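Some notes on the structure that comes next.
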Amino acid sequence: MRIARFTREEWLTRKFDYRPGEHFGIWEPTQGGKTHLAYQAVDMALRRNPHLRFVSAMPKSRSPATRRWASALDLKIIDQWPPPASLRKPRGYVLWPKHLKDRPVAENRAHLADTFRKMLAEQYQKGDSLTLADDIYVLAVILGLNMDCEEFWTAGAEGGAGLWGPNQKPSGTLGGGSVSSFSYNSPTHLIFGQDTDVRNRKRFSEIGGGIDPEVIASIVPGLRRFPVETPEGTKNISEKLYIDKRGPYMAIIGV
């Protein structure tokens, strides 16, 4: 099968057409460039839909890439919700709660979950919003917010409440569970990086929308990797398989 190929810039500026309320899923093993691509796409989505209220949910204790993107995209980093009053309105927010040090793990997770739950509820209820959960497994499974995310995936589209969810391991884990299957069949936009794990590729059957899972499974393992210099050193970043279910359309986009 011949599939169109685009450079990253071509895809972002000419092919990626985001409409309010659409969900976006990104699946790729760790250190594959998910955060970089997600923020590039967020930038384009906000340029074309400047009325959307954007919030990035950052549950990790440290993320240099997130700090760089917050600066580049004029996003204000905050540690509580709702945002504090400000004379100048930023383009959006990065909700990054402070982790509780020297406290039981369960207590820290409950603290983080409570903060993110308030934000998710407001983004969903008010609509006309774009929420990036980086990454969705930590938010949905480790912090127990799967049902909060399902509200977006099952009923957020009509109100313009889109949820974007980068995920490292679509098959989940043996002990921890997995992100809701709605994260697969609800997104309009899907991105896959190179993945040779058969267990992960088995979940492609849940995508639906006229997408043949066998075609995806035949493409994803063969996506090429290239060394890319990043502030954290050289990383082997793969091409991405992009799927727009409105067609459906498929394309391979470069690094």
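The values are calculated or read from the model by the stated rules, or taken from the named source; none is laboratory data. Since we're looking at a predicted model, the values are computed, not measured. In this analysis, Cβ positions are derived from the backbone assuming ideal geometry, glycine residues included, and neighbour counts consider all displayed protein chains. Surface accessibility is based on the protein's heavy atoms, side chains included, excluding ligands, DNA and RNA. Shrake-Rupley method; radii C 1.70, N 1.55, O 1.52, S 1.80 Å.
Structure data summary
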{"quantity": "Over the chain: helical MRE at 222 nm, DSSP H runs n ≥ 4 each giving -39500 (n - 2.57), nearest 500", "calculated": "-8000 deg cm²/dmol"}
{"quantity": "Whole-angstrom Cα spans of the range 76-233 along principal axes, big to small", "calculated": "50, 40, 35"}
{"quantity": "Pairwise label distance in nanometres, Arg2 with Lys235, each label 7 Å out on the Cα-Cβ vector", "calculated": "3.4"}
{"quantity": "Residue-normalised accessible area of the range 1-41, expressed per residue, 1.4 Å probe, Å²", "calculated": "50"}
{"quantity": "Amide proton proximity set for Ile237, modelled H, under 5 Å, gap of 5+", "calculated": "Phe226, Val228"}
{"quantity": "Kirkwood Rh, Cα atoms: Rg over Rh of the range 97-149", "calculated": "1.00"}
{"quantity": "Arg91 accessible area, 1.4 Å probe, all protein chains in place, Å² to nearest 10", "calculated": "80"}
{"quantity": "Largest-first ordering by accessible area, 1.4 Å probe, given options Ile219, Ile191", "calculated": "Ile219, Ile191"}
{"quantity": "Amide H contacts under 5 Å for Arg53, placed H, 5+ residues apart", "calculated": "Ser129, Leu130"}
{"quantity": "Whole-number Å³ per residue for the convex hull built on Cα positions in the range 1-130", "calculated": "150"}
{"quantity": "Phi-based couplings in Hz for the range 138-144 (Karplus 6.51, -1.76, 1.60; Gly and Pro marked x)", "calculated": "4, 5, 7, 9, 5, 8, x"}
{"quantity": "Amide hydrogen neighbours beyond the local backbone of Asp134, cut-off 5 Å, H modeled", "calculated": "Ala57"}
{"quantity": "Histogram of C-alpha separations across the range 22-77, 10 Å bin width, %", "calculated": "19, 57, 23, 1"}
{"quantity": "Distance violations [Cα-Cα > 28 Å] among Lys126/Lys202; Lys89/Lys245; Lys60/Lys126", "calculated": "Lys126/Lys202; Lys89/Lys245"}
